[in-house]
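Remarks on the structure that follows.
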Amino acid sequence: ITDGKSCAILCATSGGGKTTLTAAMIRRKWKTLGDDKLLLKKSNSGRMQLRALVHTFNLYPGTRKWFPEIGDIGALPHYSVWTDKRRVRITEIWPGKAVYEDSPTHLVHILQNGPSGGLTLSPLKDHEVLSILLRQTVIPTHRETAGQIFQTIAKTASGLRGIEAQIGQDAYRDPECLVPLELALS
């Protein structure tokens, strides 16, 4: 997600709330690069850049209870046979909220905090940021390519401020629940 000044990489396990948090931040004037598939590279200026590969979301139909603007996505085909998620184009729901690239400044590690509860934030240590980022990265078995990827991830992690966000499933009912996260990202 990005507001043009800060760009946060959202990390969580599969089904851990990345897309739901992104949708909630979009409603708060943020934009997104995409869902799940981003390319990280070093630009000619030496800055790390994230680039969008696709501008789609993979949303659970139940997400509609927090975001009625997504409409009846339950009628759309399943994203895969392993999940009830449906693939939707970001710009069809939120026009103008997709961007193609930005330089990451933060990593937000999302933990679900049960069915109730709001938002609790805590800082992450540098080694935790690296570990979380590595768990979200596809690394091939080719030794030379893997080495380049590790170097890129290590350089990126060293420049990120890490935040752990514990979010209750009902947190999104309160439109102001994300203010502390926005402040932490600014």
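The values are calculated or read from the model by the stated rules, or taken from the named source; none is laboratory data. Because the structure is a prediction, the values reported are computed rather than measured. Cβ coordinates were reconstructed from backbone atoms using ideal geometry, including for glycine residues, and neighbour counts include every protein chain displayed. Please note that ligands, DNA and RNA were not included when accessible areas were found on the heavy atoms of the full protein model with its side chains. Shrake-Rupley method; radii C 1.70, N 1.55, O 1.52, S 1.80 Å.
Cβ separations smaller than 7 Å between residues 6+ apart or across chains give no pair from the stretch 128-146 residues that are over 13 Å from Leu10 (Cα atoms) to residues that are open to solvent by 60 Å² or more (accessible area, probe 1.4 Å).
Scanning the stretch 1-15 for residues that are crowded, with 19+ Cβ neighbours inside 10 Å and either part of a helix (DSSP H, G or I) or of a type in the set (Asp, Glu) (or both) yields no hits at all. Report yes if Tyr60 is within 25 Å of Lys29 (Cβ to Cβ) and open to solvent by 20 Å² or more (accessible area, probe 1.4 Å), otherwise no. When the stated conditions are applied, Tyr60 passes them. I need the full set of residues from the stretch 130-155 which are closer than 14 Å to Val108 by Cα and of a type in the set (Ser, Thr, Tyr), in order please. Correct list: Ser131 only. For the stretch 81-90, the condition of being over 19 Å from Ala8 (Cβ atoms) and free of Cβ contacts under 8 Å to residues at least 12 places away in the same chain holds for at least one residue. Take the conditions (1) part of a loop (DSSP other than H, G, I, E, B); (2) out of contact with any helix residue (DSSP H, G or I) (no Cβ under 7 Å at 6 or more places or on another chain); (3) open to solvent by less than 30 Å² (accessible area, probe 1.4 Å); Val54 misses just one of them, which is (3). When we screen Lys37, Lys18, Lys29, Lys65 for residues that are touching a residue at least 60 places away in the same chain (Cβ under 8 Å) and either open to solvent by 30 Å² or more (accessible area, probe 1.4 Å) or farther than 25 Å from Thr145 by Cα (or both), the only hit is Lys18. Residues that are over 10 Å from Leu119 (Cβ atoms) and in contact with a strand residue (DSSP E or B) (Cβ under 6 Å, 6 or more places away or on another chain) within the stretch 153-183 comprise Thr156, Leu160, Arg161, Gly162, Ile163, Glu164, listed in sequence order.
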